[in-house]
Every structure is written in structure tokens, then in C-alpha cells.
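What follows is a single structure, written as C-alpha cells, with notes after it.
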Amino acid sequence: MNSWLVYLLEDNEDDAYLVQEYLANIQSKRRFRVKVFSTIQSLKQTLGSVRPDALLLDLNLPESLGLNTLVTVKQFAHDVPIIVLTGNAEEHFGEKAIQLGAQDYLPKSDISGPLLSRTIVISKERFELHKNLEQLVKLDRLTMLYNRGAFDEQIQLAIREAQRHQLRFALLFIDLDKFKPVNDLYGHQAGDQLLKLIGAKLKMNNRASDYIARYGGDEFVIIAKHINSVDELEQLSRIKYEQLADTYCVEDLNGKIVEIQLELSIGGVLYPEDGISEEVLLSQADQVMYEAKTNGLGFKVAG
């Protein structure tokens with residue numbers, strides 16, 4: 001029997017008991033384990049370590065009322081399907097909840113075991129499908145790395161997190177040297193193969209906390225967390241350079257195997273020392289990368 005973990009944010013003990021009883025007594029191939037929270041803070045603390053299959057949310061709490069509760073919870077529970085339980089039976093209220101990020105809503109007066117179970121299952125399936133579609137939109141179709149749009153979102157998140165917790169992170173800007181002659185000599189098929197190989201090598205050798213994207217053309221970027229000094233940045237840049245500067249085998253337009261000795265240039269910068277905005281960090285990383293390319297250094301870091 002499948003076991004699903006469900007969190008319930010509900011300060012009314014009687015309502016919480018009814019939900020637990022409904023889900024405990026239904027005849028289903030799934031078993032639901034319900035953990036009840038009476039405050040937003042207690043829910044937030046537990047969500048940081050254990051992710052449930054679904055979150056049932058009462059909107060009216062002593063600390064928060066109405067749709068504001070949903071907005072507050074969504075800020076830290078954005079990766080969990082949320083079902084709003086409301087005493088307000090008006091349809092437009094539920095529509096507003098869905099517009100603000102809930103997967104579904106149920107008036108408390110209509111709740112039954114089968115309805116609650118079915119709503120949880122459908123909400124999770126819909127949430128996972130939507131998440132998978134969003135993930136596809138964020139990927140570069142050639143290399144299957146994140147694309148530029150996804151990178152723009154991620155670096156903004158990294159900046160906000162770093163500001164909030166006084167953290168540092170690094171940004172690496174990678175440019176392939178003399179990539180155009182590969183396309184000119186061997187065809188775009190060979191160039192595409194080379195980009196795929198670079199993408200695969202970047203994914204294979206990345207740290208769990210790194211965020212790697214194809215920025216465009218033959219340019220790649222890495223957001224590297226937990227890099228706190230110029231020395232650490234230089235060491236990471238050297239490692240990436242040594243991993244990527246290699247000989248790659250591709251096929252030309254005639255199916256002939258050709259070996260390409262790839263050279264590249266890497267520029268590395270630190271937040272906040274080298275910039276506190278996405279635009280400045282990218283500009284600085286691009287400038288340092290160009291200096292490395294001009295001087296044949298392979299990689300260079302700011303500072």
C-alpha cells in the first residue's frame with residue numbers, strides 16, 4: 001500500500017480531527033499520514049527538512065487571515081501542491097485561491113473522505129505535470145542545460161539569498177575559443193555535437209550546488225555557491241578549465257570522425273565584491289573572460 005504524507009495547517013482542533021478521520025477511514029490503495037500544524041512558523045520549520053506529497057491549508061489563523069495566508073505559505077512551500085480548505089463556499093473565492101497558486105480548493109462543508117482523497121491525488125498529479133512542463137521550458141534543447149531565461153531567474157534568486165543571509169557566491173563566464181571555424185570547416189552538425197559534449201561534461205563534473213546554463217551560442221555560465229574567496233574562485237576556475245580544455249571527437253557532414261582540440265576562456269567574479277546586480281556581475285565576468293582570452297591565460301578571476 002502506498003503511503004502519502006499530507007501536511008495540514010489548521011488551528012481548529014475539531015476540524016483537524018475530522019480531516020484526519022476522513023483520510024484514515026477511506027477505502028483506498030493509498031494510506032495517508034496526516035501531520036497537523038497550528039502555526040505558519042511550525043509548518044515552515046518542518047517543510048525545510050521534510051517535503052510532503054500535499055499541503056492542506058486553512059486560510060483563517062490567529063496570525064493570518066484569508067488569501068494572505070496562502071500568499072505567505074507559498075513563499076516557502078512553492079514546491080508542494082496546496083489545497084485550500086475554506087469555510088467560504090463562494091466559487092469566486094476558490095478561483096482567487098487558484099490564481100494565487102493553490103492547486104484546488106474545497107469548502108469545509110463539502111469535505112468527505114473520498115472527495116478529499118481524490119482531490120489530493122489529482123492535485124499532486126496536476127502539480128507534477130505542470131512542474132515538468134516548466135522544467136522543459138527552462139532547458140536548452142541542444143545541451144539540456146538550463147537556458148538563459150532560467151539563468152536570469154536563478155541569479156536573481158542567488159542574489160536575494162546572498163543579501164538575506166550575508167553569503168558569497170561566484171559567477172563563471174565560459175566562452176569557447178575559435179568555435180566559428182568548427183562550424184565553417186566541419187558543418188553545424190559538428191558544432192552542435194561539440195556543444196552537447198561540453199554540456200554533458202559540465203553536468204557530469206558539477207558540484208551539487210552549482211547552477212549551469214548555456215548563456216547563448218558558445219557561451220556558458222555557472223553560479224557557484226559556497227565560494228568565499230578569490231583563492232577558492234581561482235581554484236574552481238582552474239578545475240573547470242582543465243576539465244573542459246580537451247580533445248573531442250565529432251562527425252563532420254560526410255560522417256568522417258574529426259578530432260577537435262578545444263580551447264576556452266573563463267572569467268570568474270565574486271558576489272558582492274565584484275558587483276551586487278546581475279548586470280554588473282555578468283559585465284565584470286565577461287570582461288575578465290575577455291582579458292583571459294586576449295592574453296591566452298585560459299582562465300582569469302577578478303581581484
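The values are calculated or read from the model by the stated rules, or taken from the named source; none is laboratory data. Since the structure is predicted, the reported quantities are computational estimates derived from the model, not experimental observations. Backbone-built Cβ (ideal geometry, glycine too); neighbour counts: all protein chains shown.
Annotations for the structure displayed:
- Scan of the range 212-230 for residues that are among the basic types (Lys, Arg) and over 15 Å from Leu281 (Cα atoms), ordered by number: Arg214
- Of the residues Asp110, Asp104, Asp79, the single one that is modelled with pLDDT of 90 or more and either acidic (Asp, Glu) or outside the structural domain of Arg30 (by TED's automatic domain parsing) (or both) is Asp104.
- Checking Arg164, Arg126, Arg118 one by one, the residue that is in a helix (DSSP H, G or I), of a type in the set (Lys, Arg) and loosely packed, with under 12 Cβ neighbours inside 10 Å is Arg164 and no other.
- Of all residues in the range 241-271, those being polar (S, T, N, Q) and without any contact (Cβ under 8 Å) to a residue 40 or more places away in the chain number 3.
- Scanning the range 150-189 for residues that are aromatic (Phe, Trp, Tyr) and out of contact with any strand residue (DSSP E or B) (no Cβ under 8 Å at 6 or more places or on another chain) yields a single hit, Phe179.
- Hits in the range 168-227 - residues which are assigned to a loop (DSSP other than H, G, I, E, B), farther than 21 Å from Ile260 by Cβ and not polar (S, T, N, Q): Arg168, Arg207, Ala208, Asp210, His226, Ile227
- Gly94 meets the conditions (1) farther than 19 Å from Ala16 by Cα; (2) not in a helix (DSSP H, G or I) in every case but one. The failed one is (2).
- Some residue of the range 34-52 being touching a residue at least 60 places away in the same chain (Cβ under 8 Å), among the hydrophobic types (A, V, I, L, M, F, W, C) and outside the structural domain of Leu157 (by TED's automatic domain parsing): no
- Among residues of the range 258-282, those that are among the acidic types (Asp, Glu) and in a loop (DSSP other than H, G, I, E, B), counted: 3
- Scanning the range 229-244 for residues that are more than 25 Å from the chain's Cα centre (by Cα), among the charged types (D, E, K, R) and farther than 16 Å from Leu262 by Cβ returns Asp231, Glu234, Arg238.
- In the range 55-94, the residues that are crowded, with 16+ Cβ neighbours inside 10 Å, farther than 28 Å from Leu129 by Cβ and in contact (Cβ under 8 Å) with a residue 40 or more places away in the chain: Leu61
- In this structure, Gly149 does not qualify as more than 16 Å from the chain's Cα centre (by Cα), in a helix (DSSP H, G or I) and of a type in the set (Gly, Ala, Ser).
- Checking Gln235 against (1) assigned to a helix (DSSP H, G or I); (2) in contact with a His (Cβ under 9 Å, 6 or more places away or on another chain), the condition it does not meet: (2)
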